[in-house]
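The values are calculated or read from the model by the stated rules, or taken from the named source; none is laboratory data. This structure is a prediction, so every number in the text was calculated from the model and none was measured. Glycine also receives a Cβ, built like all others from the backbone with ideal geometry; neighbour counts cover every protein chain displayed. These accessible areas exclude ligands, DNA and RNA; they are computed on the full protein's heavy atoms, side chains included. Shrake-Rupley method; radii C 1.70, N 1.55, O 1.52, S 1.80 Å.
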Amino acid sequence: MATPSLFDLPAPTRSQSVETALRRFEELQARPNSPIRAIHHQPAREAQSVELPGEVDPRLREALTARGVAALYTHQAEAFAHTHAGRNVAVVTPTASGKTLCYNLPVLNRLLNEPGARAVYLFPTKALAEDQMHEFNAAVTALGADIKAFTYDGDTPPDARKAIRERAQVVLTNPDMLHTGILPHHTKWAKLFENLRYFVIDELHYYRGVYGSHLANVLRRVKRIAEFYGSKPQFICSSATIANPRELAQAICEEPFELVDRNGAPQGEKYFVFYNPPVVNQQLGIRRSYLHETRRLAVESIERGAQTLVFANDPLATEILVKYLKEASEKGPYPSETIRGYRGGYLPKERRTIERELREGTIRGVVATNALELGIDIGSLDSVIMAGYPGTIASTWQRAGRAGRRQRTSLAVLVASSAPLDQYIVEHPQYFFDRPPEEAHINANNAEILLNHLKCAAFELPIRDGEKFGPHDTAEPCEFLKDAGFLHHSRDAWHWVSDTYPADTVSLRAVTSDNFIVIERNAFNAGYGGAGSGEEVIAEVAFPAALTELHEKAIYLHEARQYQVEKFDYEQRKAFVRRVECDYFTTAIEHSQVKSLEEFAAADLVPGVRVIHGDVRVNRQVVGFKKIKFYTLENIGAGNLSMPEQEMHTTSFWLHFGESFLAQFADLTPSERQNGIAGLGNILRGVGALLVMCDPRDLGLAVSEDASQGQPKFEPDLFLYDNYPGGIGQSEPLYRRVPKLLEMARDLIAACPCESGCPSCVGPVGEVGDAGKVVAARLVAALLAPTAALEAGAVAAHGVELA
């Protein structure tokens, strides 16, 4: 029997489910020691509309009116006016505010009057491109026009590609395909580049850090090729709310932009609840599991009839919650098939099915990673529950905006984990609600990224003498590439002479682009035969995650099903798995070593302690795994591994503790001092992410001992490094603001009610020892001692801010 649609429930019933939940939270907030830290109310807002502009083609006006669009929201009209006048525009309004029409309207208007014109739509994911193609084609169908739009990505069949190159007036693609599949073959795309009028970049906020830095260089190549074919595209960017949208658009496109940020779309009433799981062990500072609390809240929400989206911050947490919710559903009034997971490793067909069922209302609850944070149309949701702080204010609002997309009352709940950043946010709700979203930054001039894209540019077209790449002179880097055997100078230009295909060696996401495929082998097959021996591909996993998720003996979770990895084929990028039933999951144990390579800047913070910013090499290796029991989260076993070591060069901020400084802690054992420094590192990473307004996962942490000249002395280095090859600019502000960083660490340690350390401050006692919190507090006090004033002149002279 088919599962009934959630939309069979009348709208008042669904709204009442949200109101019931809200009353429950308000009652809970009134109790002593309540886990409810805040209930934030956003009132409903009426639409602000204007008439369709006179420049809109009558055929398009008629089609829009037939689809119920008789007027435009004010931001849509403003964007159209800028675009019609030939200006580049960045549209920044909340989720579900109609940003798609901001670029579809001018593009359709132009194509109706200039059928030979071309447009490129760029989306960060294939799923979003596919979703938006359906939206565009629906508009074209209503229009009754002969306008051709196609997606062009890795899933496009080879026999369809030639037709798309010849016939498509709008090409919807992603940066990776543009980089490897279109630009290097621009001669096959001559008709597109000769007539390129619009270049649309959706979800602009997604392109921060290293990914945005790569995209800026890809666009340098786009503009260079367009100029060769005699065109100059106009840019239209759309973004969720960030603090510096115009600056980001200008940094990525290197063109002037007009900003449209006054939202005219209506908004339903929204409530945002901050929930901090209660403490269950005061002495150790241990709180009830945030995953268990998320599970309980999600089950209550779904059973009340609210269609619920649960966000988790990583694939493992996502799969654990899917398992918990499916098992709970078997005891409740709804079948387990109405609970689904959604993340990047699922196959495309599986993701499309989940998206469709969400829109149709047959799914009651879905647990997702940030893969559903983007603007894929999944219809109307009543509640969003976040298992852990997403890492940034912007991402949190983006996820919360997924509820109430059709102007109904909606609810968003943030369930804090025990991580220091989560605890700071949930215990200081006004910090979150009063601050603007973070700024998004890129470094398009990162030497490694720039040089790699210059190779690609030379492959595409010879680099003329005196030609610039972005703002850069190309003579010196071209000489370098000549010496490396890539270029040859002839007839006033640099020509590509290498046999290699440069775009294939440059991954825009800063790691190898090779995915591992997960292959399920049927139980009756004992060997590892090839295709046709009972094998089925069930998922794909990105390279970095594969090393921690697909090692041999790992339990791989997929839609609450458990598979044990029997063979990990590193060379062929395959993992062979077998379906099992067990009561545990696995987590990998990683070992990291950091080695300083070059110091950019350094200063004495206090006598015996240096603060440094520079280049480092990070070596990582998965050395083992733990077995963790479901629900109780007990460690029930472990195993050793020897996975291939990975090496990365990046930038870092670090503190070097000399013997003279550590001498004042002579009353402590060596292990207590080492644990104290490790605890200090844990808390500096959390408050460091808050200080530079980045995701904590963007910062890596390592503590290493100084064994220079083979001396047995204990002079450790505490590294906070950019967790991306080449660095993305997070460590340099930490170096500049180290006094502020230490003050925030001191305040957080002092405010934490635990006795000896906990996950909310320096780390649990099991990791940092019984004295970890006390020693970390003593270290911070010494680093902020009045003696620091003696070094103030030297510190300031080296670029370190004193406050």
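Remark: spin-label model distance Glu46-Asp667 equals 6.9 nm, labels positioned 7 Å along the Cα→Cβ axis.
Taking amide H as placed 1.01 Å from N in the peptide plane, Thr93 has its amide H under 5 Å from the amide H of Ser239, each at least 5 places away in sequence or on another chain. The amide H of Tyr584, built 1.01 Å from its N in the peptide plane, has Phe630 as neighbours under 5 Å, considering only residues 5 or more places off or on other chains.
So how do Lys162, Lys188, Lys331, Lys627 rank on accessible area, 1.4 Å probe, biggest first, that is with the largest at the start?
Values: Lys162 140, Lys188 115, Lys331 180, Lys627 60 Å².
Largest to smallest exposure gives the sequence Lys331, Lys162, Lys188, Lys627.
Per-residue surface analysis assigns His41 an accessible area of about 80 Å², computed on protein heavy atoms at 1.4 Å probe radius. Placing unit charges on the Cβ atoms of the charged side chains and taking the dipole of region 666-777 about its Cα centre, the candidate lying farthest along the positive direction among Val775, Pro716, Cys752 is Cys752.
To the nearest 0.05, how large is the calculated FRET efficiency for Thr632 and Leu451 if R₀ is 41 Å and r is the Cβ-Cβ distance?
Working: r = 51 Å, r/R0 = 1.25.
Result of the calculation: an efficiency of 0.20.
In order along region 48-63, the Karplus-derived 3J(HN,Hα) couplings, from 6.51 cos²θ - 1.76 cosθ + 1.60 at θ = phi - 60°, round to 10, 10, 9, 5, 4, x, x, 6, 6, 4, x, 5, 6, 4, 5, 5 Hz, and Gly and Pro are given as x.
Solvent-accessible surface of protein heavy atoms, probed at 1.4 angstrom with all chains present, puts Ser289, Ser17 in the order Ser289, Ser17, largest first. Could you name the aspartates and glutamates in cross-link range of Lys553, using Cα to Cα under 15 Å and dropping any fewer than eight places away on the same chain? Those aspartates and glutamates meeting the cut-off are Glu520, Glu566, Asp569, Glu581, Asp583. Find how much the distance from Glu337 to Arg59 grows on full extension, using 0.36 nm per residue of separation minus their present alpha carbon separation; answer in nm with one decimal. Result: 95.7 nm gained on full extension. Taking θ as phi - 60° and the Karplus parameters 6.51, -1.76 and 1.60, the scalar couplings of region 420-431 work out to x, 5, 4, 5, 5, 5, 6, 8, 10, x, 5, 4 Hz in sequence order, x denoting glycine and proline.
So, for region 172-289, what is the accessible surface per residue at a probe of 1.4 Å, expressed in square angstrom? Can you show the working numbers first?
Numbers: 3760 Å² over 118 residues.
Here the per-residue accessible area is 32 Å².
For region 415-528, what does the alpha-carbon gyration tensor say about shape, rounded, prolate or oblate, given a ≥ b ≥ c as the root eigenvalues, a/c under 1.5 as rounded, and a/b over b/c as prolate? Taking the square roots of the gyration eigenvalues as a ≥ b ≥ c, region 415-528 is oblate.
What is the dipole size for region 152-309, taken about its Cα centre, with +1 at each Lys and Arg Cβ and -1 at each Asp and Glu Cβ, in debye to the nearest 20? List each step's numbers first, then the result.
Values: 21 positive and 18 negative charges, 46 e Å.
So the magnitude is around 220 debye.
Can you give the FRET efficiency for Ser490 and Ser642, using 1/(1 + (r/R0)^6), R0 = 45 Å, r = Cβ-Cβ distance, to the nearest 0.05? Display every interim value, and only then the final one.
Details: r = 50 Å, r/R0 = 1.11.
The calculated FRET efficiency here is 0.35.
Taking the Cα centre of the chain as reference, the dipole from Cβ charges on Lys and Arg (+1) and Asp and Glu (-1) amounts to some 1780 debye.
Farthest towards the positive end of the charge dipole of the chain, among the residues Ala458, Trp494, Gly614, is the Cα of Ala458, using unit charges on the Cβ of Lys, Arg, Asp and Glu. Computed log10 I(q)/I(0) for the chain at 0.06, 0.08, 0.10 Å⁻¹: -0.41, -0.76, -1.21, from the Debye equation with unit scatterers placed on every C-alpha and solvent omitted. Go ahead and collect, in residue order, the members of region 213-239 whose backbone nitrogen is under 15 Å from a label point 7 Å along the Cα-Cβ direction of Thr187. From region 213-239, the list is 229.
What the phi angles of region 22-28 give under the Karplus curve with 6.51, -1.76 and 1.60, with θ = phi - 60°, is a coupling list of 5, 4, 4, 5, 5, 5, 5 Hz, glycine and proline written as x. Cα centroid separation, region 290-362 to region 600-639: 32 Å.
Each Lys and Arg contributes +1 and each Asp and Glu -1, all at the Cβ; summed about the Cα centre of region 617-725, the dipole is approximately 440 debye.
Computed extension length for Arg167-Arg67: 33.3 nm, one decimal, from 0.36 nm per residue of separation with the Cα-Cα distance subtracted.
Between the C-alpha center of region 83-118 and that of region 371-445 there is a gap of 28 Å. For Ala539, nonlocal amide neighbours, meaning residues 5 or more places apart or on other chains whose placed amide H falls under 5 Å from its own, are Val518.
Over 25 Å between Cα atoms: which of Lys191/Lys349; Lys191/Lys223; Lys629/Lys773; Lys99/Lys148; Lys99/Lys188; Lys126/Lys331 fall into that group?
Checking Cα-Cα distances, Lys191/Lys349; Lys629/Lys773; Lys99/Lys188; Lys126/Lys331 exceed 25 Å.
Accessible area of region 305-346 with a 1.4 Å probe: how many percent of it is carbon plus sulfur?
Details: 600 of 1150 Å².
That fraction is 52 percent.
For region 255-397, taking Cα atoms only, Rg and Dmax work out to 16.9, 58 Å respectively. Binning the alpha carbon pair distances of region 209-294 at 10 angstrom intervals from zero yields the distribution 12, 26, 17, 19, 16, 7, 2, 0, expressed in whole percent.
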